[in-house]
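Here is the structure we will look at, set down as structure tokens.
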Amino acid sequence: MQNKSWCVAAIFALSIFQNLAFFRVFATTPSYYTAAVFEYVQTQNCTSDPEEAQEVLRFNLEMYIPAAKLARSKGADILVFPEYALFPECNRTETTLFCEKTPDPKEKANPCVEVERFKDSPTLRTLSCLARNNSMVIQANVGEYLPCEGEEPACHPSGNLQYNANVVFDRDGTLISRYRKEHLWYEPHFDLPFEKQCPIFTVDFGTFLSYVCFDIFLERIIETIKEDVIDGIVFSTMWENTMPLGMTVEFFEAFTIMMNTTLMAACIQLPGQWAVGSGIFSGPYGALAYTFDPDGINKLVVARVPRRDHVLEEPESSITAIFFNGTTSEWKSDGVYVPEEGSDIILPPARNSSHNRYHVINMENYTLHQITLPHSYMEECNNGMCCSLEYSADAITETYYFAVFNGTQDTFYPYYWGEEDCLLVRCDAAHGRECATFPLWTNDIFHHVNITANFSTPFVYPTVVNDHFRLVPYKDWNYNTEYTLRGHQSNINFDSEKGQPLLVAGLKGRLYREDPESSFF
């Protein structure tokens with residue numbers, strides 16, 4: 001309770017500071033800021049040699065430099081780098097070689113200026129100089145090293161703690177935020193922080209939260225984002241894609257629509273390890289710009305983002321490929337390399353990092369109703385939760401199901417959480433199960449889909465996705481939710497005279513109250 005009170009007080013203080021210190025900036029600048037996220041193809045390997053570890057860091061940091069310069073040339077105010085982009089996931093001993101001591105942001109350290117103090121911290125120094133030399137806010141994900149006393153209960157036998165951490169530098173290179181990942185995902189090489197953190201920072205265009213990967217899926221982020229002073233989330237991730245409702249850009253857009261916020265999400269591109277998909281999303285507009293293409297190409301995604309209480313009157317966005325030889329190319333064909341199938345329960349492990357794979361949810365406990373007619377209406381229930389589907393299509397030539405679920409999602413043991421799901425989805429049979437794999441291609445054209453359900457939670461995340469895993473523009477469908485005596489009634493409605501080849505349309509309700517207290521803050 002004390003930590004939460006401190007966080008609320010800090011947000012209030014920062015809002016006063018923002019209104020006073022930055023009033024002139026808001027009064028004289030446009031109604032938007034420009035954000036950039038870098039989807040990076042991390043190609044380096046783990047090593048137990050300290051010199052080789054420094055070479056890995058140097059190689060990856062050198063790729064950050066052209067990304068920052070390009071982002072600045074496109075007017076970016078903030079640039080976000082992915083999780084695990086500077087080094088791969090390794091064992092604990094190897095990971096230590098990539099970590100650096102990170103000062104408390106209260107010290108207002110500027111590694112780019114304080115050369116002598118940070119002479120042994122090339123990562124922090126490079127990131128600080130990227131921010132300072134390009135006059136932009138930089139968020140990067142790093143490994144943090146913290147020596148500890150052996151007799152301390154939480155101290156690791158190695159004599160140090162190490163964290164998966166985000167660091168944020170302001171336009172002059174000063175470290176203004178450090179956030180240690182609070183919810184690790186199969187990461188024994190990192191430690192959990194001792195207590196809840198308040199991951200807020202304020203810059204000249206708003207107040208933001210800094211989070212990492214799995215953090216966005218759990219209730220902690222909801223607690224903080226409810227503060228109306230928050231303008232958005234800056235998000236570094238190595239997201240493990242999961243069909244049908246847990247793919248990167250799909251969930252990122254759904255989150256921003258539900259929470260009516262902005263999300264700047266930078267994911268590493270390692271399709272063979274389930275990771276691909278980055279973008280910039282804003283609640284009223286959905287995806288402002290995104291990439292989802294397992295093509296082995298680094299991409300810088302840039303978009304204008306409306307400031308709070310402003311309308312985006314002049315949208316502008318771009319995707320630029322940044323090749324390892326230093327050349328760049330404006331990218332117009334995103335999605336071309338999306339394969340038809342990547343379900344990891346029927347495909348062998350990826351032989352290399354470019355072979356696309358994604359997890360699949362076990363649908364055995366879902367209520368499943370196969371649809372075969374070109375248009376129909378149906379209702380289905382699961383554990384007391386009922387959903388309705390009305391749809392029309394030119395024809396149903398492939399396998400689609402109406403699926404409903406209310407219970408504990410435990411596909412990723414030992415992690416589990418509560419969900420209420422209601423969706424129309426393209427899926428095929430495998431291993432004796434009728435809806436087990438999820439192709440990313442389809443030819444069936446839908447003109448109308450309406451899904452309605454009464455959820456027991458207000459946190460219901462909507463999604464509508466097309467062939468080759470293209471997000472259907474939010475202007476082409478709508479989502480609404482309201483509280484009634486029967487619960488939180490949520491609805492998706494898609495209408496298209498021309499029709500679109502839909503892969504999935506659905507609602508994911510998160511039952512945060514059913515998440516295990518022992519696993520999370």
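The values are calculated or read from the model by the stated rules, or taken from the named source; none is laboratory data. No experiment lies behind these values; they were computed from the predicted model shown. For neighbour counting, all protein chains shown are included, and Cβ atoms are generated from backbone atoms with ideal geometry for every residue, glycine included. Ligands, DNA and RNA are stripped out before the accessible areas are found, and what is left, the full protein with its side chains, is counted by its heavy atoms. Shrake-Rupley method; radii C 1.70, N 1.55, O 1.52, S 1.80 Å.
Worth a mention:
- In loop segments of region 466-521 as defined by DSSP, the GluC sites (Glu not before Pro) with at most 14 further C-beta atoms inside 10 Å of their C-beta are GLU517.
- Dividing the alpha-carbon radius of gyration of region 92-148 by the rule-of-thumb value 2.2 N^0.38 Å gives 1.16.
- 16 Å Cα-Cα reach of LYS498 towards aspartates and glutamates, excluding residues that sit fewer than 8 places from it in its own chain: ASP394, ASP444, ASP467, ASP476
- Additional length obtainable on full extension of the chain from ASN91 to CYS386, 0.36 nm per residue less Cα span: 101.7 nm
- Exposure rule at most 12 other beta-carbon atoms within 10 Å, DSSP loop trypsin sites (Lys or Arg not before Pro): the chain longest free segment: 352-485
- Cα-based reach from LYS119 at 13 Å (exclusive), listing aspartates and glutamates while leaving out same-chain residues under 8 positions away: GLU100
- Cross-link check: pairs LYS299/LYS332; LYS74/LYS332; LYS69/LYS299; LYS101/LYS226; LYS101/LYS181 evaluated at a Cα-Cα cut-off of 20 Å; pairs beyond the cut-off: LYS101/LYS226.
- Using just its DSSP H runs of length 4 or more, each adding -39500 (n - 2.57), the chain gives a mean residue ellipticity at 222 nm of -5000 deg cm²/dmol after division by all residues.
- Protein-only accessible surface order, largest first, of TYR84, TYR483, TYR145 at 1.4 Å: TYR483, TYR145, TYR84
- Full extension of the chain between TYR416 and CYS148 yields a length gain of 93.3 nm, computed as 0.36 nm times the residue separation minus the alpha carbon distance.
- Working from Cα pairs under 8 Å separated by at least six residues, relative contact order for region 269-367 is 31 percent.
- Applying D = kT/(6 pi eta Rh) to region 57-199, where Rh is the Kirkwood radius over alpha-carbon pairs, T corresponds to 37 °C and eta to 0.692 mPa s, the Stokes-Einstein value obtained is 210 µm²/s.
- Between helix 122-134 and the chain: long-axis angle, C-alpha atoms, 0 to 90°, nearest 10: 80 degrees
- 26 Å tail of the calculated P(r), region 397-521, as % of Cα pairs: 29 percent
- Taking a quarter of the surface of the Cα convex hull of region 57-125 gives a mean projected area of 5.8 nm².
- Of all DSSP bridge pairs formed entirely within the chain, close to 85 percent run antiparallel.
- Across the accessible surface of the chain, with the other protein chains kept in place and a 1.4 Å probe, carbon and sulfur atoms take up 50 percent.
- Per residue, the Cα convex hull of the chain amounts to 155 Å³.
- Taking the longest Cα principal axis of the chain as reference, the axis of helix 50-73 is set at about 70 degrees.
- Gain in span if fully extended, GLU195 to LEU347, counting 0.36 nm per residue against the direct Cα distance: 50.7 nm
- Note on GLU340/ASP120: beta-carbon distance plugged into 1/(1 + (r/R0)^6) with R0 of 41 Å gives a FRET efficiency of 0.25.
- 11 Å beta-carbon shell around ASP444, net charge (K/R +1, D/E -1): -2
- Angle between the chain longest axis and helix 248-259 axis [Cα atoms, degrees, rounded to 10]: 90 degrees
- What the Cβ-Cβ distance of VAL113 and ASP476 gives, at R0 = 51 Å and to the nearest 0.05, is a FRET efficiency of 0.55.
- A DSSP coil position with no more than 14 other Cβ atoms inside 10 Å describes the following GluC sites (Glu not before Pro) in region 188-283: GLU195.
- D_trans [Stokes-Einstein, Kirkwood Rh over alpha-carbon pairs] for region 143-278, 4 °C, 1.567 mPa s, µm² s⁻¹: 80 µm²/s
- Theoretical FRET efficiency, 1/(1+(r/R0)^6), r = Cβ-Cβ of GLU497 and GLU398, R0 22 Å, to 0.05: 0.50
- Distance between region 281-331 and region 92-139 - C-alpha centres, whole angstrom: 26 Å
- Here the spin labels are modelled as points 7 Å beyond Cα on the Cα-Cβ line, and at SER31 and ASN45 they lie 5.4 nm apart.
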